[in-house]
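Q: After the structure tokens below, expect a handful of questions from me.
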Amino acid sequence: MEQRNRSTRALLHFGKGLAALFSCTLVAACLDAPSYPDTSKKIERIGIFVSQEDISDSTLLKIHPSSEATLRAEVYPRQYKKEISFKWYHDDTKLGSGDSFSIPPYASSKEIPNILKATDQEGNVYKDTFNIISNTPPHFDEKTSPVDNDTLCANKRTSISFSWNSYDVDYSYGDKNFYTLIIDKEEYFVGSLTSVMQSGFSDGKHSFSVIVADSYGDSDTLQTRTFFISDCSGER
Amino acid sequence: MIRQSTAIVIFLFSAIFFLSCTNSDDYIFNENDATPIFVSAYMTSAFDPSESQVKADTISPADSIIFVANVSPSKSIRTKKYYWTIDGDFMASEFSFRGSVDSPGRHEVVFVLIDYFGDTLSDTLHLWVQSPPIINSTNVIPANQSNGMPTHGGVHFAWTAYDPDSTYELLYRFTLKKSSSSNSEEVIVDTTLNTSYFSYWGSLDMFTQYTWQVNIKNEMYTNTEELFSNKFYTGGSSKESALMGSVKGHTLDLQAFEDSLLYIVQIQDSLNNVVASDSGKEICKKYFKYRFSPIKPGTYTLQISSPSHPEYAPFKQRINLVPNEVLDISETELVDSIAPSIKFIGASTTDTILFADTLYFEVQDNGHPISGNFLEVGINGKPTDLYSTSNDTLMVFLPKSKVIQLLSIKVKDLASNKSARTFIVEAKHDE
């Protein structure tokens, strides 16, 4: 009877031990389980800015080819910028790294980045493709016809020559200039023409101006010229 | 009991008979027995079955479209009426018809059928009629009638046009023509552009009129409603000028003459010396074009006359020729302003004439006879037909009278210039 009780007691101890071992294993297993990955979005966006001479932090991504320009990557919120590494590419060619990139004067298109890769500490990569427009705005030559304050002998039928010129350093790269001639506040789109003849001017004061716009939308305006018409044909 | 049974049997028979006679089931609407009516409409460009049939389309104002309506199960079902509407207004009352919609913009074309029971069935088509491109004829370079344009170094043209629908690309057919003294025009440039400006770099003749035209069409091949056309004149030198123009006779008068009118155009200086002269007949009885180039700038008198028709009063105008410019007088019309004449042929030089059975009168319009249709002859205030004409001679056959008779003659020419004379015909006394 006593032997039977001992056996029963030993069995109970074994059971307790097994339960304890299971509990420990369970607790240990629970302690070793990985936490859920942090899916909260820390970085909201990455922006690219251009700085050049008089331009700072422009998002238009337009530069003048004649002077050095700087591209800068900015992370929002800004405190995470330290955790991000940046690499600048032109297509597949790596051009540099760091949060800013300097474009030298008269850089060729292959020297200007068009891809930014941002990598966080976990190795996640964000790729941004962009296009930097290297363009110089057109600029008017001051020489025009009629010259400012010119007096012309003409009647209403007489054709008067209007001519002007502008220069654009990008012209040789395929950029085109288009003109809008403004005579006495009347606008005439004259396309690429740089001289026209117009009639219908009465005696007195008149004015003309020209607006030039290139293919990229950069423009210049010719300062308004004033001219005077005097009918010296003897018809009056 | 037997009576009751008989009554019940009779009632049952009556009931069965009544039920069998009425057959009321036949009068209950059964959905399965009904034939639904459907209408559908579509547009097509031809009755050819291979042509596409559409319910919405974009067309040009001049396009012809066939509107077709289908009725299921058949067009021969009993209907009250059917018709088409466009934007709510009546359009047609046929199942199919050919038509066009000219008003630009979006339109809703609806086929409506009202069936025998008064139910309205309809189908709607959507039509977008595109607007023709528009050219701003005042916003062009060079302006109309510009003078002194260069003959070398290029002439530049620019115009402003747009498409109200704004989505279409515009194409410009640009033509440059040289006007000549004849009715023909020499085409110098005829090209299609996708820009609203053009430069002609070839050389042009001095002191000459040129016409440039732009016809605009959009991607739907819809043209501007009117062809844009402007003129310009080339210059020459600062010491020369030119004069051009055309002359014609009064339109009504021209129909009366078989030959074209001969004109003489002269430019006279301040001392009435003829500096330049040109003459010629009308082209196709329309007009005579003259041109003086080059001519020294200055003030002159332009005189145009028709020696063959002196009834046409000469045209005179003082002109000022400006250096390097063409003065275009445009169209001058010589007008018959001189009335016809009536003269008695005989010894009398006054209005009193002696009686004769036949009196002769000369009735003419400066050398040209007057048609009988333009004559009125009256005796003692009453119209008479006792007369005849032969060329420019009018013969009046007077009745004998013992008293004085008043003979009135009225005449008008083709330009409605009128003359009238009354003669006192003394009585003839029998000898």
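Q: Looking only at B:P104, B:P383, B:P142, which one moves most when chain B is put into a Gaussian network model with springs between Cα atoms under 10 Å?
A: Of the options given, B:P383 has the highest mean-square fluctuation.
Q: Moving on. By counting other Cβ atoms within 10 Å of each Cβ, how are B:Y290, A:Y89, B:Y116 ranked from fewest to most?
A: B:Y116, A:Y89, B:Y290
Q: Let me ask you something else. Only counting other Cβ atoms within 10 Å, I'd like B:T58, A:T158 sorted with the fewest neighbours first.
A: With the fewest neighbours first, B:T58, A:T158 line up as B:T58, A:T158.
Q: Ok, one more. Suppose we look only past 41 Å in the calculated P(r) of the protein assembly as shown. What percent of the Cα-Cα pairs does that tail hold?
A: For the protein assembly as shown, the fraction of Cα-Cα distances above 41 Å is 68 percent.
Q: Another question about this same structure. Does region B:73-198 come out rounded, prolate or oblate, given a ≥ b ≥ c as the square roots of the eigenvalues of its C-alpha gyration tensor, rounded meaning a/c under 1.5 and, failing that, prolate meaning a/b above b/c?
A: Verdict is prolate for region B:73-198.
Q: Among B:E219, B:E31, B:E51, which one shows the highest mean-square fluctuation when chain B is modelled as a Gaussian network with alpha-carbon springs under 10 Å?
A: B:E31
Q: Using a 10 Å cut-off around each Cβ, can you sort A:F228, B:F29, B:F355 from fewest to most neighbouring Cβ atoms?
A: B:F29, A:F228, B:F355
Q: Can you pull a Stokes-Einstein diffusion coefficient for chain B at 20 °C (1.002 mPa s), Rh from Kirkwood over Cα pairs, as a whole number of µm²/s?
A: The Stokes-Einstein estimate is 69 µm²/s.
Q: Right, here's the next one. Could you give log10 I(q)/I(0) at q = 0.13, 0.15 Å⁻¹ for region A:62-200, computed by the Debye formula over C-alpha point scatterers of equal weight, without solvent?
A: -0.72, -0.82
Q: State the Cα centre-to-centre distance between region A:167-236 and region B:27-43 in whole Å.
A: 71 Å
Q: Using 1/(1 + (r/R0)^6) with R0 = 30 angstrom and r between the beta carbons of B:E376 and B:A313, what's the FRET efficiency to the nearest 0.05?
A: 0.75
Q: Can I ask one more? Out of residues 5 or more away from A:V210 or on other chains, whose amide H comes under 5 Å of its own, with H placed 1.01 Å from N in the peptide plane?
A: A:I182, A:L222
Q: Here's a follow-up. Top mean-square fluctuation among B:G346, B:G154, B:G202, Gaussian network model of chain B, C-alpha springs under 10 Å?
A: Most flexible of the set in this elastic network: B:G346.
Q: Lys and Arg at +1, Asp and Glu at -1: add these up for the other residues within a Cβ distance under 11 Å of B:N139 and post the number.
A: So the environment of B:N139 carries a net charge of -2.
Q: Further, regarding this structure: Counting just the Cα atoms, what span does region B:35-129 cover along each of its three principal axes? Round to the nearest Å and put the largest first.
A: 39, 30, 16
Q: With a sphere of radius 11 Å drawn around the Cβ of A:T144, what net charge do the other residues whose Cβ falls strictly inside it have (Lys, Arg +1; Asp, Glu -1)?
A: -2
Q: Moving on to the next point. Quick check: net charge around B:S179, other residues with Cβ under 9 Å of its Cβ, Lys/Arg +1 and Asp/Glu -1?
A: That works out to +2.
Q: Moving on to the next point. What does the helix-only formula give at 222 nm for the protein assembly as shown: each DSSP H stretch with n ≥ 4 adding -39500 (n - 2.57), the total divided by the residues, and the result rounded to the nearest 500 deg cm²/dmol?
A: -3000 deg cm²/dmol
Q: Further question: Given a Förster distance of 60 Å, report the FRET efficiency between B:S184 and A:E74 from their Cβ-Cβ distance, rounded to the nearest 0.05.
A: 0.25
Q: For B:Y221 and B:V110, compute 0.36 nm times the residue count separating them, minus their Cα-Cα distance, and round to one decimal in nm.
A: Stretched fully, the B:Y221-B:V110 segment lengthens by 37.2 nm.
Q: Using a Förster distance of 51 Å, how high is the FRET efficiency between B:K286 and B:V403, based on the Cβ-Cβ distance and rounded to 0.05?
A: 0.40
Q: Something else about it: Compute the length gained on full extension between B:K410 and B:K231: take 0.36 nm times their separation in residues and subtract their Cα-Cα distance, giving the result in nm to one decimal.
A: 59.7 nm
Q: Another one. List residues of region B:32-60, by number, whose backbone nitrogen lies under 13 Å from a label position 7 Å along Cα→C-beta of B:T79.
A: Those under the cut-off are B:37-42.
Q: Here's a follow-up. For region B:134-234, compute the orientation-averaged projected area of the C-alpha convex hull (one quarter of its surface), in nm².
A: For region B:134-234, averaging the hull's shadow over all directions gives 6.4 nm².
Q: Same structure again: Simple spin-label model, 7 Å along Cα-to-Cβ: A:D175 to B:T384 in nm?
A: For A:D175 paired with B:T384, the spin-label model returns 9.9 nm.
Q: Same structure, new question: Using only Cα atoms and rounding to the nearest 10 degrees, what angle (0 to 90) does helix B:2-22 make with the longest principal axis of chain B?
A: With both axes taken from Cα atoms, the answer is about 30 degrees.
Coordinate-derived values only; no laboratory data. Remember, it's a predicted structure, so these values are computed and weren't measured experimentally. Positions of Cβ are backbone-derived with ideal geometry, glycine not excepted, and every protein chain shown enters the neighbour counts.
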